[in-house]
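This report refers to the structure that appears directly beneath it.
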């Protein structure tokens, strides 16, 4: 989709213009943005405040998976929601008051009027995420499905890539029980079954592949329920499971709806919320890992 344009260092993607493969092994330490990138091995130990607290299960109870951020929740602000359960440093200030270490994406690069909705050939799939946290983490231009899902998507991408004419592989993203879709991305590389990234909300995902975002907006299920899939017992597309394939005709219909739908909200409205939340989760995990090493005698008390 070379016609999507460039704006302020972002090229046709939800987040900074740096292919996931360039990060190499730094993926395993929880990278962030630019020179202020977050590294679990170092920055993850900052601001320990009151120190280690509880088991990892107890700690993570405060960071359960979310199917939606606070943008539609009355009385909840991004900062207060994201920092619930965080430690307070010795000077009494919370982490959200520190200098921001992230870049908010330029919205003008998405939902563009010149994005095409008709393709001679294309592949379409539904992606169902357990949490909107993980959709936010696709800022690293990367995604991972289940082992079977990765195999299915990789096979489709390889087949599409072998065709003489351009055949994109599009992914319609939704979060379980959210009642909506959150956008459209394109798979732009094969699955690397050997590369694992550790910033997902759960630690069970293996393999990953690169993607570009084209449409970023909340599209409610009731706008899509009339589209049924004959290859899924004629169920509405909104009843799909992860990596459910969509045929070309229905895929074109979805593209048109996604492009034309007028939405007042999108995941970028909660970008700060998820940035603060991700940082809190990473630091909490890092502190727990440090304490675990102390218990095991690998580090001095």
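Here are the numbers for this structure:
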{"quantity": "Which listed residue is closer than 21 Å to residue 266 by Cβ and without any contact (Cβ under 8 Å) to a residue 60 or more places away in the chain, from 234, 222", "calculated": "222"}
{"quantity": "Total residues in the stretch 152-173, condition without any contact (Cβ under 8 Å) to a residue 12 or more places away in the chain and part of a strand (DSSP E or B)", "calculated": "0"}
{"quantity": "Residue pairs meeting the criteria (Cβ under 7 Å; at least 6 apart or on separate chains; first closer than 21 Å to residue 214 by Cα, in the stretch 268-287; second surrounded by fewer than 21 Cβ atoms within 10 Å (Cβ to Cβ) and at pLDDT 85 or above)", "calculated": "268/107"}
{"quantity": "Tally of residues being loosely packed, with under 13 Cβ neighbours inside 10 Å and over 21 Å from residue 156 (Cβ atoms) across the stretch 220-267", "calculated": "7"}
{"quantity": "Qualifying residue in the stretch 148-157 (condition: buried (at least 21 other Cβ atoms within 10 Å of the Cβ) and more than 26 Å from residue 224 (Cβ to Cβ))", "calculated": "no"}
{"quantity": "Residues satisfying the stated conditions in the stretch 114-135, i.e. assigned to a strand (DSSP E or B) and surrounded by fewer than 17 Cβ atoms within 10 Å (Cβ to Cβ)", "calculated": "none"}
{"quantity": "Qualifying residue in the stretch 243-257 (condition: more than 19 Å from residue 183 (Cβ to Cβ) and touching a residue at least 12 places away in the same chain (Cβ under 8 Å))", "calculated": "yes"}
{"quantity": "Count of residues meeting criterion [assigned to a helix (DSSP H, G or I) and either touching a helix residue (DSSP H, G or I) at 6+ places or on another chain (Cβ under 8 Å) or under 23 Å from residue 116 (Cα atoms) (or both)] in the stretch 211-268", "calculated": "21"}
{"quantity": "Any hit, the stretch 171-184, residues being in contact with a helix residue (DSSP H, G or I) (Cβ under 7 Å, 6 or more places away or on another chain) and surrounded by fewer than 17 Cβ atoms within 10 Å (Cβ to Cβ)", "calculated": "yes"}
{"quantity": "Test for residue 196: is it surrounded by fewer than 16 Cβ atoms within 10 Å (Cβ to Cβ), under 19 Å from the mean Cα position of the chain (by Cα) and not in a helix (DSSP H, G or I)", "calculated": "yes"}
{"quantity": "Hey, residue 205 over 26 Å from residue 107 (Cβ atoms), in contact with a helix residue (DSSP H, G or I) (Cβ under 9 Å, 6 or more places away or on another chain), buried (at least 18 other Cβ atoms within 10 Å of the Cβ) and touching a residue at least 12 places away in the same chain (Cβ under 8 Å) or not", "calculated": "yes"}
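The values are calculated or read from the model by the stated rules, or taken from the named source; none is laboratory data. Values in this document were obtained by computation on a predicted structure and should not be read as measured data. Cβ sites come from the backbone with ideal geometry, for glycine too, and all protein chains shown count toward neighbours.
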